[in-house]
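Worksheet for the structure shown next.
The values are calculated or read from the model by the stated rules, or taken from the named source; none is laboratory data. Just so it is clear, the structure is predicted and the values come from calculations on it, not from any experiment. We place every Cβ from the backbone using ideal geometry, glycine too, and count neighbours over all the protein chains shown. With ligands, DNA and RNA removed, areas are computed over all heavy atoms of the protein, side chains included. Shrake-Rupley method; radii C 1.70, N 1.55, O 1.52, S 1.80 Å.
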Amino acid sequence: MIKNSPDWLKKAVFYQIYPQSFYDSNADGIGDIPGIIAKLDYIASLGVNAVWINPCFVSPFADAGYDVADYYQVAPRYGTNADLERLFSEAGRRGIRILLDLVPGHTSIEHPWFKQSQQAVPNPYTDYYVWNNSVWETPQSDLPIIRGLSQRDAAFVANFFAIQPALNYGFAQPDPQHPWMQPVDAPGPQQVRQEIKNIIAFWLERGASGFRVDMAASLVKRDPEKRETARFWRSIRDWMDETNPEAVLVAEWGNPAQAVEAGFHADFMLGFNNPGWVSLFRKRGEGRWRDPYAWSFFDASGHGDIRQFLDEYLYHYEATQPEGFIALITGNHDETPRLADGRDTAQLKLVYLFLLTMPGTPFIYYGDEIGMRYQRLPSKEGGYGRTGARTPMQWGDGANAGFSAGPEESLYLPIDPAPDRPTVAAQDANPDSLLNRVRSLIRIRHALPALDADADFNVVYAESGKLPFIYSRSKGGQRLLVAVNPAGRPARAVLPGEMIAAQPITIDAPDSAILVRSDEGWVLDLPPVSGAIYEISG
Ligand code: NOJ
Ligand code: CA
């Protein structure tokens, strides 16, 4: 049973911070937690009220921190636990909640649990990870097996990269051919579950408001329908509802229907699982997840097809009603290229109008609010092609774009060298900038109950190959009509006369947008690359 979400989540707009690239407070070239604190007023100025920080714990950084070596300790390069606690309280004073990144599926091979587990002599950590019975075992299982990295005569299962051994949550359907596949109630899996609970409790006690959960679907092995994985998360959610009802869990699952059923408050639509989301913002043939047939819907060519997104979205939307949310993202540290690539400011403004008027919990990836661009760079910390979407935030004109006072060679990653690279300072000063548009759209979202995460969503007009895309949002007697036209040519729609009782109030629309009553019904004319929000009654 899914319980109610905390009220704050219904008003949440999230900002994602990749800590190594946000702001360097001590001139060592790497962003850090005091740096995030120093920029809290900026974050508050966006109007966002929640932040998710990528993993900031002790790690050898073979996967940018998704290879945790100590879940209880902030990585020295980012600061101290006291800094993180200060971030919780300083953010809290500004009405901003902080979500940490929980990596429950695997640790680093440097984690003390793994160092014990890989020993030949049995010890309390022997069954913390998924090990077979011998390095020479044949037939190998269908899981990715890493051999030769242990004292113990066994191979372990990797969860992602080879240096990320899978923690042992047991097997939903153990293979009798492989007796080492332990059932979910075996002592090892039960101990691992308790460890994860302890980690959650530790950070919630210190002021975290919840977690983005890495690879949330990956825990129990041979669990094709994810029933056992879901059972574990539901037990965590029930316990959190009892002990921390204000805290939230956002899954990295890529399947909101499944994740919300499993107890998550929200789940992302993501490149690896949601071609519909890819079809919104990524250009034909671009990026890591090449989809040769798709045109981006938000493309001035007008060749995109909103149904590619909408059919997938509606499936998840209906399945997650009434209390679970879909998190639509501008991008993240894994998605390539960045939202701004191949889009001008007008197009980006329209994307934000859409994103910030849709249901659920929108997430803005740092830098996307100013239109930072993807960089072609060699791999850093296991980033590979993702590296170029992780470059330092561009604050201003100064050295290193104001990211760091350290020498240029010391920077975590090079800064966009383009002379016209976007910066916060320049866009702050320009009332028409993308940054100021994002701020005003967030203000609109917060001011209107019908734009809450849980306000109703209904499709009004969404036809394959046709524009505009029109939907309504409503809550507590307020009803809004939102229309978007990504094409570089005007778009017209005619809506049934009975749909709108009186002349709508314009909440936000370009001067040349027109919504008038005619003999045929309500005629809506949108200029090229534009969107409009109207308040309608009836
Ligand atoms: C998903 C994270 O977002 C990604 O950056 C990481 O490499 C993998 N999970 C492994 O933890
Ligand atoms: Ca630093």
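Details
- Under the convention that each Lys and Arg Cβ holds +1 and each Asp and Glu Cβ holds -1, the size of the dipole of the chain around its Cα centre is about 300 debye.
- Extreme residue, positive dipole direction of the chain, given options Ala75, Phe211, Val58 (C-beta unit charges): Phe211
- Euclidean distance between Cα centres, region 166-240 to region 42-57, Å: 27 Å
- With the simple model of a label 7 Å out from the Cα in the direction of the Cβ, Asp142 to Glu195 spans 2.7 nm.
- A straight chain from Asn26 to Ile505 at 0.36 nm per residue would run longer than the Cα-Cα distance by 167.4 nm.
- Counting lysine pairs in the chain whose alpha carbons fall under 21 angstrom apart, excluding pairs fewer than 8 residues apart on the same chain, gives 12.
- Among the GluC sites (Glu not before Pro) within region 213-259, those in coil by DSSP and having at most 15 neighbouring Cβ atoms inside 10 Å are Glu225, Glu246.
- For the chain, the relative contact order works out to 13 percent when only alpha carbon pairs closer than 8 Å and six or more residues apart are counted.
- For the chain, the carbon plus sulfur part of the accessible surface works out to 51%, probe radius 1.4 Å.
- Per residue, the average separation of C-alpha pairs within less than 8 Å and at least 6 apart gives region 455-535 a relative contact order of 31 percent.
- Relative contact order (percent, whole number), region 89-181, Cα cutoff 8 Å, 6+ residue spacing: 28 percent
- Three-way shape label, region 455-535, alpha-carbon gyration tensor, a/c 1.5: rounded
- Think of a 1.4 Å ball rolled over the protein heavy atoms: the chain then has 37 Å² of accessible area per residue.
- Whether region 106-166 is rounded, prolate or oblate, judged on the alpha carbon gyration tensor where a/c under 1.5 counts as rounded: oblate
- Candidates per trypsin sites (Lys or Arg not before Pro) in region 1-85, loop by DSSP, up to 15 other Cβ within 10 Å: Lys3
- Anisotropy class of the chain from Cα gyration tensor, a/c 1.5 cut: prolate
- Phi to ³J(HN,Hα) by Karplus 6.51 cos²θ - 1.76 cosθ + 1.60 over region 180-194, Hz, x for Gly, Pro: 6, 6, 7, x, 5, 9, 5, x, x, x, 5, 5, 4, 4, 5
- Beta bridges per DSSP, both residues in the chain: antiparallel share near 60 percent.
- Region 200-257: trypsin sites (Lys or Arg not before Pro) falling in loop per DSSP and having at most 11 other Cβ within 10 Å: none
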